[in-house]
Amino acid sequence: MVGHISPKSTYYAVFAALMVGTAITVAVAFVNLGSFNFPVAIGIAITKATLVVLFFMHAKYSSKVIKLFVGTAFFFLAILLGMTMTDVLSRGLKTYPGGAGGSGYGERAPRVPGAAPAASREGQH
Amino acid sequence: MGDAVAVHGGHGDAHAHHHPDLQHHFDTLEQQHEAATLGMWLFLITEVLFFGGLFLAYMLYRVWYPVAWAEASRELDIVLGAFNTAVLIGSSLTMALAVRAAQTGKQRATVVWILLTMTLGFVFLIVKYFEYKEKFEHHHVPGPNFVFEGPEAGPAQIYFSLYFLMTGLHATHMIIGFFIMAVIAWMAHKKRFTPEWYTPVEITGLYWHFVDIVWIFLFPLLYLVDRAGHFA
């Protein structure tokens, strides 16, 4: 025997959890949570992906070096997304007293409801 | 050389002492299985970053054009999207059961589970075909004939470019998966696998589950941007 054999019940339980997760993510998408709709949807997707990786892909029962490789994939993805987004999302911030907003998010998204147009926001300072 | 043959019994005789599926550069079947699995995960790391580049492009444009993202996303059919998500998760279950059948030496069951996985994957692509067809009919395909009502037409075209790129690349992976699964099903039909050696089934399973994970993210990112009407 080579490799860990999971009982069928484990696979059926993971499948059921994934279906419930899909139902929840569809239902919650129609609830207006404001800025929180996106993190909630991503959170559910990450939970579902984690279940697939751990049980369907047997990562839970794999050796340490394979677990390290699995972690590496998502570590590099986090660097790619995280470092780029911290740059882009912070470009409109005023980083020192009296400093001007940079170009980027602040000016490019003027049509968000409730947000003042970029021009008038500049005028307040 | 003659002495070596005399001492060790020669190459042909050596085969009698180990599993026929054990390659000579591995000590044990466990080590061989571990190496193959590790190699597949290494490939999947490159796949994560392959799709990761598209996810990054998606994130940047979504931050810049939230209203266009909200409006364009609502053009997608959420019922078909949710149905396809369920179908693909189901195909991951049948693939996991195909690997389990191979592990326990039930090769007939492996064939059946893999054929079922291919069938579910095919259902997914049929639904995707009708979704694409609808996009062509509504002129939502980026290019000179692109039509989108309102001031968000420009960035909406970027949304649909990423929609076709990401779902198209995902569908391409599925089609490649069909060819791999056809070979695996044939090998199982020919009773090539044993509980000691079923590595190709395991590796194919890793690939198919990865394709499932990509869709688990694509579904909320493309179909569920702003169904609650917060941005537009």
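The values are calculated or read from the model by the stated rules, or taken from the named source; none is laboratory data. Computed from a predicted model, the values in this text were never measured in an experiment. Note: ideal-geometry Cβ built from the backbone for every residue, glycine included; neighbour counts use all protein chains shown. Each accessible area value is taken on the protein alone, full model and side chains, heavy atoms only, with ligands, DNA and RNA left out. Shrake-Rupley method; radii C 1.70, N 1.55, O 1.52, S 1.80 Å.
Of the residues B:163, B:129, only one is open to solvent by less than 10 Å² (accessible area, probe 1.4 Å) and away from chain A (no Cβ under 14 Å); which? Talk me through it step by step, then tell me what you get.
Details: B:129 fails: open to solvent by less than 10 Å² (accessible area, probe 1.4 Å).
Being open to solvent by less than 10 Å² (accessible area, probe 1.4 Å) and away from chain A (no Cβ under 14 Å) holds for just one of B:163, B:129, which is B:163.
Looking only at segment B:20-49, filter to residues that are under 11 Å from residue A:73 (Cβ atoms) and among the β-branched types (Val, Ile, Thr); which one of those is most open to solvent (accessible area, probe 1.4 Å)?
Of the residues in segment B:20-49, the ones under 11 Å from residue A:73 (Cβ atoms) are B:41-49.
The next check asks that each one be among the β-branched types (Val, Ile, Thr); those that pass are B:45-46, B:48.
On the way: B:45: 20, B:46: 78, B:48: 16 Å².
Per the stated criteria, the residue is B:46.
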### Summary
Of the listed residues (B:181, B:187), the one being at pLDDT 95 or above, open to solvent by 10 Å² or more (accessible area, probe 1.4 Å) and out of contact with any strand residue (DSSP E or B) (no Cβ under 8 Å at 6 or more places or on another chain) is B:187
### Which listed residue is touching a His at 6+ places or on another chain (Cβ under 7 Å) and touching a residue at least 24 places away in the same chain (Cβ under 8 Å), from B:160, B:124
B:160
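To keep it simple, each residue is scored yes or no on (1) of a type in the set (A, V, I, L, M, F, W, C); (2) at pLDDT below 95; (3) in contact with a strand residue (DSSP E or B) (Cβ under 8 Å, 6 or more places away or on another chain); (4) under 23 Å from residue A:17 (Cβ atoms).
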residue	(1), (2), (3), (4)
B:34	no, yes, no, no
B:49	yes, no, no, no
B:56	yes, no, no, no
B:72	yes, no, no, no
B:85	no, no, no, yes
B:88	yes, no, no, yes
B:97	yes, no, no, yes
B:116	yes, no, no, yes
### Query
Mind checking whether some residue in segment B:198-205 is within 12 Å of chain A (Cβ to nearest Cβ), surrounded by fewer than 21 Cβ atoms within 10 Å (Cβ to Cβ), within 15 Å of the chain's Cα centre (by Cα) and not charged (D, E, K, R)?
yes
### Residues of segment B:103-113 that turn out to be buried (at least 20 other Cβ atoms within 10 Å of the Cβ) and at the interface with chain A (Cβ under 10 Å from one of its Cβ atoms), as a count
1
### Task
State yes or no: is residue B:216 within 14 Å of chain A (Cβ to nearest Cβ) and surrounded by 19 or more Cβ atoms within 10 Å (Cβ to Cβ)?
yes
### Query
When the residues of segment B:178-212 are filtered to those that are out of contact with any Ser or Thr (no Cβ under 9 Å at 6 or more places or on another chain) and β-branched (Val, Ile, Thr), which remaining residue is farthest from residue A:57 (Cα to Cα)?
B:194
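For (1) more than 30 Å from residue B:203 (Cβ to Cβ); (2) surrounded by 15 or more Cβ atoms within 10 Å (Cβ to Cβ); (3) in contact with a Leu (Cβ under 7 Å, 6 or more places away or on another chain), each residue gets a yes or a no:
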| site | (1), (2), (3) |
| --- | --- |
| A:33 | yes, no, no |
| A:53 | no, yes, no |
| A:57 | no, yes, yes |
| A:65 | no, no, yes |
| A:70 | no, yes, no |
| A:75 | no, no, no |
| A:78 | no, no, no |
| A:86 | yes, no, no |
| A:91 | yes, yes, no |
### segment A:54-73, residues that are more than 7 Å from chain B (Cβ to nearest Cβ), not in a loop (DSSP other than H, G, I, E, B) and not small (Gly, Ala, Ser)
A:54, A:55, A:60, A:61, A:64, A:67, A:68
### Message
Looking at segment B:50-65 only, could you name the residues that are open to solvent by 50 Å² or more (accessible area, probe 1.4 Å) and over 21 Å from residue A:56 (Cβ atoms)?
### Response
B:61, B:65
